[in-house]
Amino acid sequence: MRRVLVANRGEIAVRVIRACHEAGLEAVAVHSDADAGALHCRVADRSLRIGEPSPAASYLNAGAILGAAREAGADALHPGYGFLSENAGFAAAVEAAGLTWIGPPPEAIRLMGSKTRARRLAAEVGVPLIPGATGDDTELAHAARRLGYPVVVKAAAGGGGRGMRVVREGAGLAEALEAARREARGAFGDDEVYLERWVARPRHVEVQVLSDAHGGFLQLGERECSIQRRHQKVVEEAPSPALDPGLRARMGAAALAITRGCGYRGAGTVEFVLAPDGSFYFLEVNTRIQVEHAVTECVTGVDLVREQLRVAAGEPLGLGQGDLSPRGHALECRIYAEDPAAGFLPSGGLLAAWHSPSGPGVRVDAGYEAMDTVPLHYDALLAKLVVHAPDRPAALGRMAAALADFFIAGVRTNVEFLRSVVGHPAFAAGETDTGFLERHLDGWRGPGGEPPLEALAAAALACRARPAARTVADHSPWSDGGGWLP
Amino acid sequence: MAPVTAPFRFRHGETEHEVLLVPVGNDDYEVTVLGRTERVRVLRSTEAGLHLAVGGRTLEARLAVASGTVHVHALGCQWELERVASGPAVRRSSEADPADGPVRAVMPGTVARVLVAAGERVEAGQVLVVLEAMKMEHRLGAPFAGEVARVAVREGQQVAMREPLVEIRRPASEGPQGRA
């Protein structure tokens, strides 16, 4: 392995390219027309165009990406997350083209991509599942009565909450099944659905796993990702405030059982639902690096992307289970280009200012810098702000200070909203479940404070320094000092 | 006597703020907001912002100006201040009744679906256009029942914020001709 093509964009492409360079590998980026000159292209050794802005024409365009890999002489491919990362057909095509696929074997992706097959495997290896059922509509109606309402209808091929419906009583089941099948057929081309019992106040807890081709299997502890909006994670942390050492060991063992059971190799995540009484249930396996992998890196000191490269190259993992001793507490806030005060509408455009926080225990994985343009064609994630501190209260304080220091202008962001989340007493108390944002921050309208004299004075001075009409004669390198005042 | 200076005006949300800036030395100003006056000294000025002394306290104000709006980050908070021309406030008549104008894009993005055609009758709230940006869909409905007078966009087209999408005409029966 010498030259890696990174088939992604934004912060994860930048993150992977950094890991390649650290490992002494060349990194080749790809870009759509909307991303020409983007940060991930600038930090790579070379960037190739793969198509028009729409994801289907570019980052989902397997043919164009394989063509770019051939043209660049790449011998390996890292898919990042999203896009083609969990597409078993693409993984197989990459291997068929003679490239190293930096991810799990295509068969493991295929197996875990089917929720019903994944559930069957979990049951076989003795990992608890939320009581549920598969079958035709009549069988599902019988099953729903047996399970007891409310029940949840889910798409077998789904993920990220798409195609999911909560049914409160029997009268709504037929309609929910039909709608879920229709939506699943449209979104995934597969209308298989299944039922699960609804769990009240669930936490989302997932376990990071890592394995190599030499029989090495590690579990790197859990992350809690309960702070979600419309099934989209917003804040993540490690460790979970809800786990004690016994529960942690049981969940870790369950994650390893599933990983071994599907012949896994590389970095992956086993997701669980954790009920308030401490019982946990298998949800799904994400067969790729996760957005929130950085919190695990902070508490374990393991560079997960570096390990992915090592495993793909056929080397054994750089450490064993006994070498792991997680330390401290890490939090991650996802900085999105969206306007929380206006129904979380996406926001794109030119980043007129970008100042990110730094300091001990502060890490920013960003896909943008000042004067970059945020396109509207892709995911709204601008950056991940990750902090690490000796304990959870210290991590909360560190996150609050870092968020206060973040300055992004030109596009609207959720930074102020995130301050409200991490500053909430219920969050500080660790009372997190997937209903947190709906319960505590529904209808959030912004911090609402009026600007003080200091801010208004700065704005007036800025306006004074930059007159609207500047003559050409004024604009010489000698008169343009670059500052806000003449 | 200090020179007479017109105040700077900024709009923050619904509120308008007036700032009077009177130079009293090379880097010194007297700044008045809501009747409170403070001595402000500019300690340092760079492309990124200003280091200021206000009263006895110093602070770093990060600044960016984009399309008439000053973005200020100071004291751990951020404000978007829209510059307003000096002089008495004038109400813009074009914004009198938004319900009477065309249905406009509420965000920049791509037109994912156009669900109506010119001449078609629509009910109040009926979805006319679906916009898509960053994997998020936004449905735009008719503000009142009527007839589609004009569809200004087609599927796949990129639209800017506030761009007109569809025009709805109120039913003719509401006018005097309807009774004839």
Fill in: Output for the range A:117-159, where each listed residue is exposed (fewer than 13 other Cβ atoms within 10 Å of the Cβ) and assigned to a loop (DSSP other than H, G, I, E, B)
A:Gly126, A:Asp136, A:Gly148
Worksheet item: What tally of residues in the range A:99-110 results from selecting those that are touching a residue at least 40 places away in the same chain (Cβ under 8 Å) and open to solvent by 30 Å² or more (accessible area, probe 1.4 Å)?
Response: 2
Item to complete: Could you please find all residues in the range A:427-450 being in contact with a Ser or Thr (Cβ under 8 Å, 6 or more places away or on another chain) and part of a helix (DSSP H, G or I)?
Response: A:Phe436, A:Leu441
Worksheet item: Is it true that B:Val111 is surrounded by 14 or more Cβ atoms within 10 Å (Cβ to Cβ), more than 19 Å from the chain's Cα centre (by Cα), assigned to a loop (DSSP other than H, G, I, E, B) and modelled with pLDDT of 85 or more?
Response: no
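One line per residue, one yes/no per condition, for (1) under 21 Å from A:Gln290 (Cβ atoms); (2) touching a residue at least 60 places away in the same chain (Cβ under 8 Å); (3) buried (at least 24 other Cβ atoms within 10 Å of the Cβ); (4) touching a strand residue (DSSP E or B) at 6+ places or on another chain (Cβ under 7 Å):
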| residue | (1), (2), (3), (4) |
| --- | --- |
| A:His21 | no, no, no, yes |
| A:His31 | no, no, no, yes |
| A:Ala44 | no, no, yes, yes |
| A:Pro53 | no, yes, no, yes |
| A:Glu71 | no, no, no, yes |
| A:Val94 | yes, no, yes, yes |
| A:Ala97 | no, no, no, no |
Worksheet item: Can you spot a residue in the range A:220-230 that is open to solvent by 30 Å² or more (accessible area, probe 1.4 Å) and over 17 Å from the mean Cα position of the chain (by Cα)?
Response: no
Worksheet item: If you go through the range A:325-333 one residue at a time, do you hit one that is within 13 Å of chain B (Cβ to nearest Cβ) and among the basic types (Lys, Arg)?
Response: no
Worksheet, complete the sentence: Of the listed residues (A:Gly268, A:Gly252, A:Gly215, A:Gly246), the one being closer than 26 Å to A:Arg306 by Cβ and out of contact with any strand residue (DSSP E or B) (no Cβ under 6 Å at 6 or more places or on another chain) is A:Gly215
Item to complete: Test each condition in (1) away from chain B (no Cβ under 14 Å); (2) in a helix (DSSP H, G or I); (3) in contact (Cβ under 8 Å) with a residue 24 or more places away in the chain; (4) open to solvent by 30 Å² or more (accessible area, probe 1.4 Å) for A:Val421 and report the one that comes out false.
Response: (4)
Worksheet item: Which of the residues spanning the range B:22-80 are facing chain A (nearest Cβ under 7 Å), of a type in the set (Ser, Thr, Tyr) and in a strand (DSSP E or B)?
Response: B:Ser45
Worksheet item: So, of the residues in the range B:127-167 that are within 14 Å of another protein chain (Cβ to nearest Cβ) and in contact with a Gly (Cβ under 6 Å, 6 or more places away or on another chain), which turns out to be surrounded by the fewest Cβ atoms within 10 Å (Cβ to Cβ)?
Response: B:Glu132
Worksheet item: What single numbered condition from (1) part of a helix (DSSP H, G or I); (2) closer than 23 Å to A:Arg260 by Cβ; (3) of a type outside the set (Lys, Arg) fails to hold for A:Val299?
Response: (2)
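The values are calculated or read from the model by the stated rules, or taken from the named source; none is laboratory data. Note that the coordinates shown come from a computational prediction; the quantities given were computed from them, not determined experimentally. Glycine gets a Cβ as well: all are built from the backbone with ideal geometry, and neighbour counts include every protein chain shown. SASA here: full protein model, heavy atoms, side chains in, ligands and nucleic acids out. Shrake-Rupley method; radii C 1.70, N 1.55, O 1.52, S 1.80 Å.
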